[in-house]
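Below: the structure, in structure tokens.
The values are calculated or read from the model by the stated rules, or taken from the named source; none is laboratory data. The model shown is predicted, which means the values in this text are computed figures rather than measured ones. Cβ: placed from backbone, ideal geometry, glycine included. Neighbour counts: every protein chain shown. Heads up: the accessible areas ignore ligands, DNA and RNA and are worked out on the full protein's heavy atoms, side chains in. Shrake-Rupley method; radii C 1.70, N 1.55, O 1.52, S 1.80 Å.
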Amino acid sequence: FPAVLGAKLTNRAAFIQEQNSYAGVATLKLARYADLIFLAYDQAAARIGFREKCILSGNPVNPRIGEVDREEAYANFNLDPNKKTLLVLGGSQGAASINGKIESSLPELGKLKDLQLFWQCGNHPKSIAAFQASGNAGLATQFIQDMPAAYAVADLIVCRAGALTLAEVTAAGRPAIVVPFPQATDDHQTKNAETLVEAGGAILIKDSQLSDLNLASFIAQLINDDSKLMAMGMASGSLGRKGAAEAIVQRMFEYMGWR
């Protein structure tokens, strides 16, 4: 907010990039002062107004996403290329409710012989210890350094619905089960998720539904349906925008008259 306001008070150009499908308060208040507004989701324009300033660009993501060789990624993580991989993400800090549900589901998930877990637990050593004691195939780790490679091995993803997480999921063209963070401002994660769900690329589960859900059975039905996974992956990829950073910079340069 102060950067855009400062730019206008000193007669400088100002640009906004709104990452969510439901524009935040700062974007709404500053939209009239911005020269251009870059959107990750076209739905945000209706709430922002000033349509003539809005440009659908997507969210910038690591350019390696969608480009990593799958077989090399399996080898890097010491995962089995003959098993389906469930990638579980909760952000770098982990998501307590998702971790808790995965932890309680380990015995049932372990019965799925063609499945391996790749579980980013965040700062939850108890979850890592539970995984290691369970005998399940795969890997549990506090943090994944190489996310493009992680997406390369994923057949199905369980994750929150933050703007950048979904930007990466769609850039990778991966199907997802999304569990929006319920305390997100204006419930914007649910609104982000609904965009992907409406396109057919994800299934939404409310955080409050996790405790009563037979997650292992739900995952088993989905991950064994290759045609469903393929259709969801294609729908997810249709929303992916890998060149967002370059598109944003190019439009700013054009606006400023730079080459």
- prompt: Lysine pairs, Cα distance under 18 Å, 8 or more residues apart or cross-chain: how many in the chain?
  reply: 13
query: Once phi is turned into θ = phi - 60°, what whole-Hz ³J(HN,Hα) does the Karplus curve with 6.51, -1.76 and 1.60 give for every residue of the range 214-219, x standing for Gly and Pro?
result: 7, 5, 4, 5, 4, 5
field: In sequence order, calculated HN-Hα J values of the range 181-195 (Karplus, 6.51, -1.76, 1.60; Hz; x Gly/Pro)
entry: 5, x, 8, 5, 3, 6, 6, 5, 5, 5, 5, 4, 4, 4, 4
message: I'd like the orientation of helix 125-134 relative to the chain: the angle between its Cα long axis and the longest Cα principal axis, in ° from 0 to 90, rounded to 10.
response: 30 degrees
- prompt: For all pairs of alpha-carbon atoms in the range 22-105, what percent lies in each bin of width 10 Å, listed from the first bin to the last filled one?
  reply: 13, 26, 24, 23, 14, 1
- prompt: Using only helices, what value at 222 nm comes out for the chain when you add -39,500 (n - 2.57) per DSSP H run of length 4 or more and divide by the total residues, to the nearest 500 deg cm²/dmol?
  reply: -13000 deg cm²/dmol
message: What do you get for the angle between helix 226-238 and the principal long axis of the chain? Use alpha-carbon atoms, 0 to 90 degrees, nearest ten.
response: 20 degrees
- request: Along Cα→Cβ, 7 Å out, is where each label goes; now give me the distance between the ones at L28 and E67 in nm to one decimal.
  value: 3.8 nm
task: Would you kindly state how much longer the chain becomes between T185 and A46 on full extension, computed as 0.36 nm times their sequence separation minus their alpha carbon distance, in nm to one decimal?
output: 48.2 nm
- line: Taking placed amide H atoms and a strict 5 Å upper bound, the residues 5 or more places from L139 or on another chain that come that close are L117, F118, W119
query: In the range 1-86, which trypsin sites (Lys or Arg not before Pro) fall in coil by DSSP and have 12 or fewer other Cβ atoms within 10 Å?
result: R12, R32
message: Please list 3J(HN,Hα) in residue order for the range 8-17, calculated via the Karplus relation 6.51 cos²θ - 1.76 cosθ + 1.60 where θ = phi - 60°; whole Hz, with x for glycine and proline.
response: 6, 5, 10, 6, 10, 5, 9, 10, 10, 10
task: With N set to the residue count of the range 111-259, report its C-alpha Rg divided by 2.2 N^0.38 Å to two decimal places.
output: 1.18
- request: Would you mind counting up the charge near S104? Only other residues with Cβ under 13 Å from its Cβ, with Lys and Arg at +1 and Asp and Glu at -1.
  value: -1
message: Give me the 1.4 Å probe accessible area per residue for the range 1-89, excluding ligands and nucleic acids, in Å².
response: 52 Å²
- line: Distance in nm between K113 and R251 label points, each 7 Å along Cα→Cβ, equals 5.3 nm
